[in-house]
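See structure below.
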Amino acid sequence: MKRSIVSIENLSHRYSKDWAIRDISFEILEVGVLGLLGSNGAGKSTTMNILCGVLSQTAGKVTIDGADLRLEPELAKRKLGFLPQNAPLHLDLTVDEYLIYCAYLRDIPKGKISYAVDQAKEKCGISHFGKRLINNLSGGYRQRVGIAQAIIHHPKLVVLDEPTNGLDPNQILEVRKLIKEIAEERSVIFSTHMLSEVQATCRDIKMIENGRLVFADTMEAFNNYILPDSMLITMNNPPEVSSFLEIGGITDAQVISDKTFRLRFSASDAISQKIIEISVARGWELSEIALERSSLDEIFAQLSNRPQPRR
Ligand SMILES: Nc1ncnc2c1ncn2[C@@H]1O[C@H](COP(=O)(O)OP(=O)(O)OP(=O)(O)O)[C@@H](O)[C@H]1O
């Protein structure tokens, strides 16, 4: 059975009088990548900051590998590595100098620092940049240095706040690959407001909206949840819009222009195949058909309105 490394129970936080997060509970498994998805202001950073011990919660409990973050903060924090949204890099140090400094901060015994630095550099693909000033590295490599400092003490949990923000497409692919690699032997949680980031990297997904947990399941379950439920069709010789409603499985038909319509359908296999066949049989001259997925905003809205969040 898969073991969890982090337990978050009924976590709530209030800044002055407004609640930023309310009654959030979930577990994080000891291996793999978990994505924390939410729109701006949803409560991601508040949750991440509490999880890292940077912010003390108003109510609730966080346990990391059995250590209560509030009661045993030092023990709990030894088990985690953190890369905040703005990586805490010293641009005027070389990669080696910076990682040695981080190793001291992490209380790694003097005799083991050099080995720890080499291992972290190797894991993050920056061994050849040891003598390079961080200021002279590209954004993608700076982010690798940030991840190296987060894993230098072999934490069981690594927390990454929007780790691909501001990177170019190639750098994003490289950092995603690195995140997956470091998650082969530990738990990684990262926050993002981009669905594509979570879909590309994560096994599990937690979604928060307006401070509440609105979805918690596997990425596969999430992808099933957002299966397309409408399509845009264009026909050179379309029928009356009401004709579409006579097709089994079509629940709504909307006129977009003379020749283009949006059809909504109930969960049904091969509905587009059916439309194509009927269109050919009746001479509607179908020229284009495209399935539409819900936008992230629609998904957030749907999930936020659900009565019971799924754990
Ligand atoms: N220091 C603070 N004082 C008062 N309110 C705050 C503070 N930090 C965050 N908030 C509020 O708490 C709520 C949650 O904010 P939080 O930063 O956790 O969201 P987020 O999901 O990380 O958003 P973003 O992606 O924009 O960083 C928001 O309404 C925000 O305005």
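The values are calculated or read from the model by the stated rules, or taken from the named source; none is laboratory data. Just so you know, these numbers come straight off a predicted model, no measurement behind them. Please note: Cβ atoms are built from the backbone with ideal geometry, for glycine as well, and neighbour counts cover all protein chains shown.
For this structure, a couple of remarks:
- Criterion (part of a strand (DSSP E or B) and within 16 Å of the ligand (Cβ to nearest atom)) met by exactly one of V62, V54: V62
- Residue among L160, L195, L213, L167 that is surrounded by 18 or more Cβ atoms within 10 Å (Cβ to Cβ), at pLDDT below 90 and more than 30 Å from I271 (Cα to Cα): L167
- For the condition closer than 25 Å to G38 by Cβ, not hydroxyl-bearing (S, T, Y) and not in a helix (DSSP H, G or I), L173 does not qualify.
- Flag for L55 being touching a Lys or Arg at 6+ places or on another chain (Cβ under 9 Å) and under 18 Å from F26 (Cβ atoms): no
- Every residue from region 58-68 that is surrounded by 15 or more Cβ atoms within 10 Å (Cβ to Cβ) and touching a Leu at 6+ places or on another chain (Cβ under 8 Å): G60, K61, V62, T63, I64, D65, A67
- Contact map, region 252-271: first residue within 17 Å of P239 (Cα to Cα), second residue modelled with pLDDT under 85 and outside any strand (DSSP E or B), Cβ cut-off under 8 Å, separation 6 or more or different chains; pairs are R264/D229.
- Filtering region 82-94 to residues that are out of contact with any Cys (no Cβ under 7 Å at 6 or more places or on another chain) and either at pLDDT 95 or above or not small (G, A, S) (or both) leaves L83, P84, Q85, N86, P88, L89, H90, L91, D92, L93, T94.
- Within region 95-124, the set of residues being surrounded by fewer than 18 Cβ atoms within 10 Å (Cβ to Cβ) and among the hydroxyl-bearing types (S, T, Y) comprises Y101, Y104, S114, Y115.
- Qualifying positions in region 81-96 - among the aliphatic types (A, V, I, L, M) and either in a loop (DSSP other than H, G, I, E, B) or over 19 Å from E162 (Cα atoms) (or both): A87, L89, L91, L93, V95
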